[in-house]
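Comments concern the structure below.
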Amino acid sequence: MPTPTKGPRLGGSPAHERLMLANLATSLFEHGRITTTETKAKRLRPLAEKLVTFAKRGDLHARRQVMTTIRDKDVVHTLFAEIGPRYENRPGGYTRITKVGPRKGDNAPMAVIELVEALTVGQQAVGEAERARGTQFASGAGASAASGEVTADAVETAEDTVAEDTVAEDVAADDVAEEAAAEDVEAPAADADADAEGTDAR
Amino acid sequence: MAVPKRKMSRANTRSRRSMWKASAPTLSPCPNRACGELKPPHQACPTCGQYDGRQVLSV
């Protein structure tokens, strides 16, 4: 269960907060990635992940429960038809928050919250191996930690020591390099090298 | 209503204001080899738009 939120509601009243979070979740599932303030992104993450978990279950009851939050049937259909099955093998950690500097106008710290990619076969294998070995990466976000999702996890699990993170990154360095090579069309080799060395150096 | 009895001297005003200081922001070099610019830590690089080897912002 996510930690209950402390402090004032977003927008002033509980009803306003519910509406804002519902709209944010709808936009997130519609577009896959949205730019919003850091605070809203942090509040949205637990809600969005709960909805994805409903989508993974996929039955009528789950769909009706999602419909209570997301009122748009098209978006709920995309969620259940595409987003849920994509995360079949991923044990949580479906969203990634990246901070992107303050906004012009009111200097509010902004962040990009996005749905992460599906696990690749390699990442899945690493996750299973870690679980079989019963290492510290196995429990909870094991598969995602081993798959280079250290950004998301670092925010989520604050109790993770730096040492663990570096080990996870070392394990994932190869995966990250491969991904970068696949994604970056311009300078694949150079970027991949840079990524690998960058992660090693940290 | 309570009001100041004396005009505040320029020296007093200025010595109070001498404590207003801006602090330098913490910056770290961008890990992207092609960029290397200074950027705030734990943030996507405002110059190249990458974070953790991933393109986050369109630049």
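Name the residue that is farthest from A:GLU114 (Cα to Cα), counting only residues in region A:1-54 that are surrounded by 15 or more Cβ atoms within 10 Å (Cβ to Cβ) and of a type in the set (Asp, Glu).
Per the stated criteria, the residue is A:GLU17.
Return the residues of region B:23-33 that are open to solvent by 30 Å² or more (accessible area, probe 1.4 Å) and either more than 7 Å from chain A (Cβ to nearest Cβ) or modelled with pLDDT of 95 or more (or both); say none if nothing qualifies. Break it down stepwise before answering.
Looking only at region B:23-33, we keep the residues that are open to solvent by 30 Å² or more (accessible area, probe 1.4 Å), and these are B:23-29, B:31, B:33.
The answer is B:SER23, B:ALA24, B:PRO25, B:THR26, B:LEU27, B:SER28, B:PRO29.
Please give the number of the condition A:GLY92 fails out of (1) modelled with pLDDT under 95; (2) surrounded by 18 or more Cβ atoms within 10 Å (Cβ to Cβ).
Only one criterion is unmet by A:GLY92, namely (2).
Scan region A:59-70 and give yes if some residue there is touching a residue at least 40 places away in the same chain (Cβ under 8 Å) and open to solvent by less than 20 Å² (accessible area, probe 1.4 Å), otherwise no.
From region A:59-70, those touching a residue at least 40 places away in the same chain (Cβ under 8 Å) are A:69-70; that's our starting set.
Next, only the ones that are open to solvent by less than 20 Å² (accessible area, probe 1.4 Å) stay: A:70.
Checking region A:59-70: at least one residue is touching a residue at least 40 places away in the same chain (Cβ under 8 Å) and open to solvent by less than 20 Å² (accessible area, probe 1.4 Å).
In region A:28-54, which residues are within 17 Å of A:VAL100 (Cβ to Cβ) and part of a helix (DSSP H, G or I)? So that I can check it myself, show each step before the final result.
To start, the set of residues in region A:28-54 that are within 17 Å of A:VAL100 (Cβ to Cβ) comprises A:28, A:31-42, A:44-45.
If the condition is that a residue be within 17 Å of A:VAL100 (Cβ to Cβ) and part of a helix (DSSP H, G or I), then A:LEU28, A:HIS31, A:GLU38, A:THR39, A:LYS40, A:ALA41, A:LYS42, A:LEU44, A:ARG45 are the ones that fit.
The values are calculated or read from the model by the stated rules, or taken from the named source; none is laboratory data. The structure displayed is predicted, hence computed values, not measured ones. All Cβ positions, even for glycine, are placed from backbone atoms using ideal geometry, and neighbour counts span all protein chains on display. Note: accessible area is taken over every heavy atom of the protein model, side chains too, but ligands, DNA and RNA are not part of it. Shrake-Rupley method; radii C 1.70, N 1.55, O 1.52, S 1.80 Å.
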